[in-house]
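The values are calculated or read from the model by the stated rules, or taken from the named source; none is laboratory data. Just so it is clear, the model here is predicted, and its values are computed rather than measured. Cβ coordinates were reconstructed from backbone atoms using ideal geometry, including for glycine residues, and neighbour counts include every protein chain displayed. What goes into the accessible areas is simple: the full protein's heavy atoms, side chains included, and nothing from ligands, DNA or RNA. Shrake-Rupley method; radii C 1.70, N 1.55, O 1.52, S 1.80 Å.
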Amino acid sequence: LSFVELHARSAFSFLQGASVPEEYADAALKLGLTAIALTDRDGFYGSPRFFFAMKKAGLRGHTGTEVLCTDGGRYPLLVKNRTGYQNLCRLLTRTKLRTEKHPKPGREAAATPEELEEFSAGLLCLTGDAEGPLAMALKQGEGRGCLERLVRTFGRGNVYVELQRHYDRVEEARNQEAVSLARSLQLPLVATNGVCHVQPAQRQILDVFTCLHHKTTLAEAGKLLTKNAERHLKSGTEMARLFADYPEAIFNTSEVSAQLGFELTDLGYEFPRYPLPPGQTEMEFLRVRTIEAARLRYQSGYKRAKPQIEHELRIIENLKLAGYFLIVWDIINFCREEGILAQGRGSAANSAVCYSLGITAVDPVGMGLLFERFLSEERGEWPDIDIDLPSGEKRESVIQHIYRRYGERGAAMTANVITYRDRSAAREVGKVLGFDSATLDRLSRLAPVWVGRTRTIPLKRALPKQD
Amino acid sequence: MYACLHAEGNSAILVDCARHFSPYSEQTSSGTVLIDMRGSAELFGGPQDIASAMNNRAGIPVDVAIARDLDTAIFAARGFRGTTIIPPGQEGAVLAPLSLSLLPCSPEVASILNSWGIRTFGEFAALPAAGIAARLGKEGSHLHRLVRGEGNRQLRPFEDPTRFEETMELESPIELLESLSFLLGRLLHDLCNRLTASSLSADEIHLALTLENAPVHACTLRTALPMRDPMIFLKLLQLELSGRPPAAPIVKIHLELRAMPTRTEQHHLFLALSPEPAKLEVTLSKLTHLLGAENVGTPELLNTHRPDAFRVKRFSGLVTASKTKLPASPALVLRRYRPPRIAQVIQKSECPVHIRSLSLQGSVIRCAGPWRSSGDWWKTERWNRDEWDVALSDGALYRLYEELDTRRWFVEGVYD
């Protein structure tokens, strides 16, 4: 029987998953799994890394997420097609935008049942684990009503009753109720392991993360911690043995996987359209503006620069990036009109088109810079043009201009995900182990000594050294 | 009306004196004590009488000032020798000759006033208030009000750290518990009378017995509820001392009660009455004496996945409404064996098929499991086990478990 893990959380479910996406790809290869669906909590933060790691390993990485609903349930939603991805992105954006930046527990971003219905097209819903909608409804004795509602929301054929087995009595009692309801409503079963870490030993990391998440120590966490180390990635054989009494639940995982046709390389993204004079294409408009500007910029040196400009315009045309350059040009023009100092930097300085349009200040032709460092047909990557802006109100006025021109949902701010480094990790782990501040200081100072070296020094030997 | 006593280096005497006159007093600095004397005319007479009584009570030369507001009383007590009575409305006039050095102002303001040639309270008070506010700001305005006798300081009465303790040094050492009980009874009687006078109770007794040529014999007893019955305290001490008598004759007794507010309880209409605190304490004390403190109390489940984890906490005796919702249908109840019984188990395809232990033996008819739990991985006493629920051929349903690290099997209990 071929098994596909359809419910897995990575470290991008911040402090609620203990393995990074690449670990899943490596483990899937070793365990003989052909595909995994990553369903991090309330976001696609880990999906690109996961998808490309799986692709590199020759496996399929499905996209999904666990969406929190205002009814308190966490709905694992899997993306079937591009419409589903767009719907899920819109749903998440809407819930995040109305939530405060650092929400207090119980006030996190959550979708209403009506929103789930509005954005349900192209999605497939599992009934979830102990925090899922079905488990919560079963507690209230409303399991049947819950499943009927899910079928109404997502459509028959898009709802699978999820079974998980972590050797737990309560969970098994819930499974039996779920199976009975699924059979009476003729809904398919699907087996997952609700994976939170790749290796069994990583349960310890998950427990530490749980403590950090709840701002407590291991000694105080009690039942917040996992009951055992069974939430690791399991092979098809192991899962088939666990669900020997429900073979269809294993078989259905492949069926679900076959329905998940969406890939992150198929986003269908289009740049916002630049407003053009009637009858002109974006490329024609860019060509005219570039040549016009280049004559002014290069003056007598235009002849020398012309072949390079033509070469760059040809590549931009082939890659269909004319709209992108026009948008950047538009931003620079706005800054110029408003007297805001704006300067392109980075690899964009290798482009004569950028120089001509006034985006960058360095002449790449005169300096002999290589355009392909910025944009190449072979690499198949999108270019990025970094523009330095002054901080404060002027920067804000540029941001507001972009929002006005391209729509509130057509532009976005981006952010970095900060990860633990050796010392911060050592300090945080020390905290949950209940170390005092002096020991924490010593431990974090030792971190570079015992982490990241080929021959590690046991902590026990390193720690007794008194200052 | 407030009084201020001032005598450098005699704080203890001043505090003692203040307590004699009013329960509301404040020590503002070393050597200065404020007393709230409002409404005390009936007791002590007019201001002059109060001042003389304070002088007499203190027994040392004390500067006394009595005024309508606290700040004026402080300045007068610190600035004038002997007794100063300031009639209401005369504050500014009385304070006028005082040196500005008494005023608690910042170095900047002091320097400005000095440069203006202002040396006394009166000179400062004569300056226009609006001009002071404009030139010296908020601080200047505040100081200006003070020198005019218009301060609005509030009294911050200190908590009376009264201790309920008694010490008795014995002329001849005593050896018998009966004699000791007699003396303890007397001390407890006095202490409980003091508690009653203060409307307080006690929830802790500290007894320290100084012994002849031996270390101090000390014990601390805590009661579940505050009380002030000397007979109960004596009974508790007797039980404690009979279980753990002093090792040598006693030469000194020190007894202290920890005072607590007396507890008033509103009984719930639908709850059973709590046992009478005094009787409960004596019963608990007797049980503790027989079984050991760790075996008497209320069991409390610990917040952990570790099976059968609980602690015995002190029995409070309070009956409260349970917040736990009872299940609609009765759950299966496990009767645990403590300690669990070692068993020998034969397995087939990982499932137990036959069990033998000291008290039971039989073939497994049906089984469910394994139910796996592990935890406390950061401690030395971690656990890692698989549980099985098995129906044996004897008709009963048991819970077995296997310690995965040692591969040992146990029967944990039987389901009722």
Restricted to region B:342-367 and to residues being at pLDDT below 90 and within 14 Å of chain A (Cβ to nearest Cβ), the residue surrounded by the most Cβ atoms within 10 Å (Cβ to Cβ) is B:Glu350
I'm trying to understand the selection: among the residues of region A:210-225, which are part of a helix (DSSP H, G or I), touching a residue at least 12 places away in the same chain (Cβ under 8 Å) and facing chain B (nearest Cβ under 10 Å)?
A:Leu218, A:Ala219, A:Ala221, A:Leu224
Are any of the residues in region A:261-284 out of contact with any Ser or Thr (no Cβ under 7 Å at 6 or more places or on another chain), away from chain B (no Cβ under 14 Å), closer than 19 Å to A:His62 by Cα and open to solvent by less than 20 Å² (accessible area, probe 1.4 Å)?
no
Hey, could you check region A:375-390 for residues that are open to solvent by less than 80 Å² (accessible area, probe 1.4 Å) and more than 18 Å from A:Ile327 (Cβ to Cβ) and say which is modelled with the highest pLDDT?
A:Pro390
Confirm whether A:Ala229 is of a type in the set (A, V, I, L, M, F, W, C), within 29 Å of B:Phe310 (Cβ to Cβ) and touching a residue at least 24 places away in the same chain (Cβ under 8 Å).
yes
Please find, within region A:227-243, the residue that is nearest to the other protein chains (Cβ to nearest Cβ) out of those that are open to solvent by 30 Å² or more (accessible area, probe 1.4 Å) and part of a loop (DSSP other than H, G, I, E, B).
A:Lys227
(1) at pLDDT below 85; (2) surrounded by 12 or more Cβ atoms within 10 Å (Cβ to Cβ); (3) within 30 Å of B:Ala391 (Cβ to Cβ) all hold for B:Gly317 apart from (3)
If only one of B:Arg119, B:Arg148 is touching a residue at least 40 places away in the same chain (Cβ under 8 Å), more than 42 Å from the chain's Cα centre (by Cα), open to solvent by 70 Å² or more (accessible area, probe 1.4 Å) and over 30 Å from B:Arg244 (Cβ atoms), which one is it?
B:Arg148
Region B:368-384: number of residues that are more than 9 Å from chain A (Cβ to nearest Cβ) and open to solvent by 50 Å² or more (accessible area, probe 1.4 Å):
3
Only one of these is open to solvent by 60 Å² or more (accessible area, probe 1.4 Å), touching a Phe, Trp or Tyr at 6+ places or on another chain (Cβ under 7 Å) and among the aliphatic types (A, V, I, L, M): A:Leu433, A:Leu357. Name it.
A:Leu433
Residues that are under 21 Å from A:Phe271 (Cα atoms): list the helices (runs of 4 or more DSSP H) wholly contained in region A:338-451 that include at least 3 such residues.
A:393-406
If a residue must be within 14 Å of another protein chain (Cβ to nearest Cβ) and assigned to a loop (DSSP other than H, G, I, E, B), how many such residues does region A:167-198 contain?
3
When you scan region A:17-37, do you find a residue that is farther than 25 Å from A:Val151 by Cβ, crowded, with 17+ Cβ neighbours inside 10 Å, of a type in the set (A, V, I, L, M) and free of Cβ contacts under 8 Å to residues at least 60 places away in the same chain, even just one?
yes
Would you check if B:His189 is under 24 Å from the mean Cα position of the chain (by Cα), open to solvent by 50 Å² or more (accessible area, probe 1.4 Å) and not hydrophobic (A, V, I, L, M, F, W, C)?
yes
Hey, B:Ser329 hits all of (1) open to solvent by 30 Å² or more (accessible area, probe 1.4 Å); (2) more than 43 Å from the chain's Cα centre (by Cα); (3) modelled with pLDDT of 90 or more; (4) within 14 Å of chain A (Cβ to nearest Cβ) but one; which does it fall short on?
(3)
Which members of region B:49-102 meet the condition of being within 26 Å of B:Leu127 (Cα to Cα) and of a type in the set (S, T, N, Q)?
B:Thr72, B:Thr84, B:Gln90, B:Ser99, B:Ser101
Modelled with pLDDT of 95 or more, out of contact with any Asp or Glu (no Cβ under 7 Å at 6 or more places or on another chain) and either charged (D, E, K, R) or closer than 24 Å to A:Phe209 by Cα (or both): does that describe A:Thr39?
no
Show me the helices (runs of 4 or more DSSP H) entirely contained within region A:38-141 in which 3 or more residues are in contact (Cβ under 8 Å) with a residue 24 or more places away in the chain and surrounded by 21 or more Cβ atoms within 10 Å (Cβ to Cβ).
A:47-56, A:82-97, A:133-139
Can you tell me which residue within region B:277-313, out of those that are away from every other protein chain (no Cβ under 13 Å) and of a type in the set (S, T, N, Q), is least open to solvent (accessible area, probe 1.4 Å)?
B:Ser285
Counting only residues that are surrounded by fewer than 13 Cβ atoms within 10 Å (Cβ to Cβ) and either more than 16 Å from B:Ile250 (Cβ to Cβ) or modelled with pLDDT of 90 or more (or both), how many does region B:197-215 have?
2
Collect the residues in region B:273-284 that are at pLDDT below 80, assigned to a helix (DSSP H, G or I) and touching a strand residue (DSSP E or B) at 6+ places or on another chain (Cβ under 9 Å), keeping them in residue-number order.
B:Pro277, B:Ala278, B:Leu280, B:Glu281
Considering region B:404-416, residues that are more than 14 Å from chain A (Cβ to nearest Cβ) and touching a Phe, Trp or Tyr at 6+ places or on another chain (Cβ under 9 Å), and then whichever is surrounded by the fewest Cβ atoms within 10 Å (Cβ to Cβ), we arrive at B:Val414
Determine whether region A:166-173 contains at least one residue that is over 22 Å from A:Gly236 (Cα atoms), among the aliphatic types (A, V, I, L, M) and buried (at least 18 other Cβ atoms within 10 Å of the Cβ).
no
